[in-house]
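Everything below concerns the one structure shown next.
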């Protein structure tokens, strides 16, 4: 029984060493930019995208956004957040979202 417990502790320790947090984003002041935008949140290929009104610009929405976005999908919204530099480019981390 003691061997099984020791083996479980060892496996848990090794597993936690190799576990990653997924993609990484640089949220430091020099790598991010505060933004306030108006547009629509849409789903494209299973990912959420923010399309800026009166522009052809669109940003991928970061998975770690604080605002609840599921109820606002498809509606015109005003957002506040940051553009952050991530592994696969620039993403929008939304902290506030209000329906217009």
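The values are calculated or read from the model by the stated rules, or taken from the named source; none is laboratory data. Nothing here was measured: the structure is a model prediction, and the numbers come from that model. Here Cβ is always computed from backbone atoms with ideal geometry, including for glycine, and neighbour counts include all displayed protein chains.
Overview of values
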| read-out | value |
| --- | --- |
| Matching residues in segment 39-63 - criterion: being exposed (fewer than 14 other Cβ atoms within 10 Å of the Cβ) and either under 14 Å from residue 94 (Cα atoms) or in contact with a helix residue (DSSP H, G or I) (Cβ under 7 Å, 6 or more places away or on another chain) (or both) | 63 |
| Output for segment 24-38, where each listed residue is surrounded by 12 or more Cβ atoms within 10 Å (Cβ to Cβ), farther than 15 Å from residue 74 by Cβ and modelled with pLDDT of 85 or more | 35, 37 |
| Matching residues in segment 72-99 - criterion: being in contact (Cβ under 8 Å) with a residue 24 or more places away in the chain, part of a strand (DSSP E or B), surrounded by fewer than 19 Cβ atoms within 10 Å (Cβ to Cβ) and over 13 Å from the mean Cα position of the chain (by Cα) | 76, 78, 80, 96, 99 |
| Given (1) surrounded by fewer than 10 Cβ atoms within 10 Å (Cβ to Cβ); (2) modelled with pLDDT under 75; (3) assigned to a loop (DSSP other than H, G, I, E, B), index of the condition residue 16 fails | (3) |
